[in-house]
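A.B. asks: Starting off with a structure, shown below.
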Amino acid sequence: MRHDPRIVFTIIIMPVIQLLLLGYVGSTEITNIPTVVLDQDNSLASRELLDAYRATGSFDLKYAAYNQDDIMQMLGSGQAHVGIIIPPDYSQQIAAGRTAQVAVLIDGADATTATTALSAATLAGQAHSTTIQTQQLATKGASSGSQPLETRTQVLYNPDLLGSYNTIPGVMAMILFMTTTTLTSAAIVKERERGTIEQLIVTPIRSWELIVAKITPYILVSMVDVIIVLLIGTFWFGVPIRGSILLLLVLSGLYLLPNLGFGLLISTFAQNQQQAQIMMMPIMLPSYMLSGFMFPIATLPAFLQVVSALLPMTYYVFILRSIVIKGVGLELLIPQTLALIAFSMVLLGVAAMRFRKSLD
């Protein structure tokens, strides 16, 4: 153990990392769900309704929309997960003692968040309806007898809240991350163990040419994995692909590049395959827990959201759910695409610089 300090790191530091991550993200309580509001009434009554939703702690009313198209765009892009639509005659219906209807649209791509939002929206509507009835009794001495408020909820993209719609894309991202990173992390290491690294060093090829040569076979094999996982997810688990399959394959290939770059970067540091596996662990656990695969990113503490933004898997999970479940196009995925391009350039570039065709 003294000869290999990385083992000590694995035994002592990794459990601490696991405990901290599980302690912060392992809670099943989902709060502050990003919500967009279309208040067409803009009255005291409508503001009281929004205060009732805000008071639950489940909704973060951080966006305002001017029409329903704005709400659909925000839900489609993942900017918001819930949309609340208050009709123009809301306060008039309440004042007249009739039933006012409020629409709540919920993004069902993440079934866990959608279930919480659906329950919270229904309960908040019922509680506020009871409050209105109490106020009517206090001011008029009687009420109409009917419910003054009806909350009409609609779950988009995944109306049955099937868990497979949420799980399969995340599993696909995790499988590709593990396979590509594991294979490429041993790429340079195997050359050292076999004693063929010297042959590479004396060849006239440059560092970036070696990197390209090493990752090309893994890209081809990994794309076969992508197709296999998509076929199993669609025909076995019944998860439909609503968006462009070509766009999905192109962005999947783009996602492979930073993973391959990360694996190659590890292989330039590790002296053997065991060290390479140990060095992968600190990045695997955060990718698994902070990418949105297991837990909604919006509910994570602020500093863990920053860590999540530094993980390529975070962007690919979002891309998968957006294309497979929502059927969106590239126009709503530009930030995630640019992020994967940036990760690819940085990780592959650093890996190429690390390999200086030397034995060091």
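A.B. asks: Evaluate the following for Ala186: is it at pLDDT below 85 and aliphatic (A, V, I, L, M)?
C.D. replies: The answer is yes for Ala186.
A.B. asks: Separate question: I'd like to check which helices (runs of 4 or more DSSP H) are fully inside region 208-325 and have at least 1 residues that are under 29 Å from Gly57 (Cα atoms).
C.D. replies: Details: elements: 245-269, 273-290, 302-309, 312-321.
Fully inside region 208-325 and qualifying: 273-290, 302-309, 312-321.
Yes/no per residue for (1) of a type outside the set (Gly, Ala, Ser); (2) under 14 Å from Leu183 (Cβ atoms):
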residue: Leu248; (1), (2): yes, no
residue: Tyr255; (1), (2): yes, no
residue: Phe262; (1), (2): yes, yes
residue: Ala270; (1), (2): no, yes
residue: Met279; (1), (2): yes, no
residue: Pro282; (1), (2): yes, no
residue: Leu285; (1), (2): yes, no
residue: Pro296; (1), (2): yes, no
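A.B. asks: Gly292 fails exactly one of the following numbered conditions: (1) touching a residue at least 40 places away in the same chain (Cβ under 8 Å); (2) at negative phi; (3) crowded, with 18+ Cβ neighbours inside 10 Å. What is the number of that condition?
C.D. replies: For Gly292, the exception is condition (2).
A.B. asks: Which residue pairs have Cβ atoms closer than 7 Å, lie 6 or more positions apart in sequence or on different chains, and pair a first residue in region 10-22 that is touching a residue at least 60 places away in the same chain (Cβ under 8 Å) and within 16 Å of Met280 (Cα to Cα) with a second residue that is β-branched (Val, Ile, Thr) and surrounded by 13 or more Cβ atoms within 10 Å (Cβ to Cβ)?
C.D. replies: Listed by first residue and then by second, the contacts come to Thr10/Ile278.
A.B. asks: Assess whether Ala270 counts as being crowded, with 18+ Cβ neighbours inside 10 Å, farther than 26 Å from Leu338 by Cβ, in contact (Cβ under 8 Å) with a residue 24 or more places away in the chain and touching a Lys or Arg at 6+ places or on another chain (Cβ under 9 Å).
C.D. replies: yes
A.B. asks: Now, a different point. Only one of (1) of a type outside the set (S, T, N, Q); (2) out of contact with any Phe, Trp or Tyr (no Cβ under 6 Å at 6 or more places or on another chain); (3) crowded, with 17+ Cβ neighbours inside 10 Å fails for Pro88. Which number is that?
C.D. replies: Every listed condition holds for Pro88 apart from (3).
A.B. asks: Select from region 93-137 the residues that are of a type in the set (Gly, Ala, Ser), in a helix (DSSP H, G or I) and over 20 Å from Ile30 (Cα atoms) and write down the one among them that is modelled with the lowest pLDDT. Don't jump to the end; show me each part of the working.
C.D. replies: We begin by selecting, within region 93-137, every residue of a type in the set (Gly, Ala, Ser); these are 95-97, 100, 103, 108-109, 111, 114, 117, 119-121, 124-125, 127, 129.
From the residues that got through so far, the ones that are in a helix (DSSP H, G or I) too are 95, 111, 114, 117, 119-121, 124-125, 127, 129.
Okay, now just the ones that are also over 20 Å from Ile30 (Cα atoms), so 95, 129.
On the way: Ala95: 85, Ser129: 90.
Out of the qualifying residues, it is Ala95.
A.B. asks: Then there's this: How many residues are of a type in the set (Gly, Ala, Ser) and under 13 Å from Thr113 (Cα atoms) when one looks only at region 152-173?
C.D. replies: Residues flagged as of a type in the set (Gly, Ala, Ser) and under 13 Å from Thr113 (Cα atoms) within region 152-173 amount to 1.
A.B. asks: Within region 257-289, can you find the residues that are closer than 23 Å to Val221 by Cα and of a type in the set (Gly, Ala, Ser)?
C.D. replies: Selection gives Gly261, Gly263, Ser267, Ala276, Ser287.
A.B. asks: So, one more: Please name all residue pairs, on different chains or six or more residues apart, with Cβ atoms under 9 Å, provided the first residue is in region 85-112 and is at positive phi and touching a residue at least 12 places away in the same chain (Cβ under 8 Å) and the second residue is part of a helix (DSSP H, G or I) and crowded, with 17+ Cβ neighbours inside 10 Å.
C.D. replies: Every condition considered, the pairs that remain are Gly97/Gln136.
A.B. asks: Next question, about the same structure. Kindly list, by first and then second residue, each pair from a residue in region 307-334 that is on the phi > 0 side of the Ramachandran plot to a residue that is at pLDDT 90 or above, limited to pairs with Cβ atoms under 6 Å and residues at least 6 apart or on different chains.
C.D. replies: If the second residue must be at pLDDT 90 or above, the pairs left are Gly327/Arg242; Gly327/Gly243.
A.B. asks: Are any residues in region 21-67 farther than 22 Å from His128 by Cβ and surrounded by 13 or more Cβ atoms within 10 Å (Cβ to Cβ), and if so, which ones?
C.D. replies: Leu21, Tyr24, Val25
The values are calculated or read from the model by the stated rules, or taken from the named source; none is laboratory data. This is a predicted model, so every value here is computed, not measured. Heads up, the Cβs are rebuilt from the backbone with ideal geometry, glycines too, and the neighbour counts pull from every protein chain shown.
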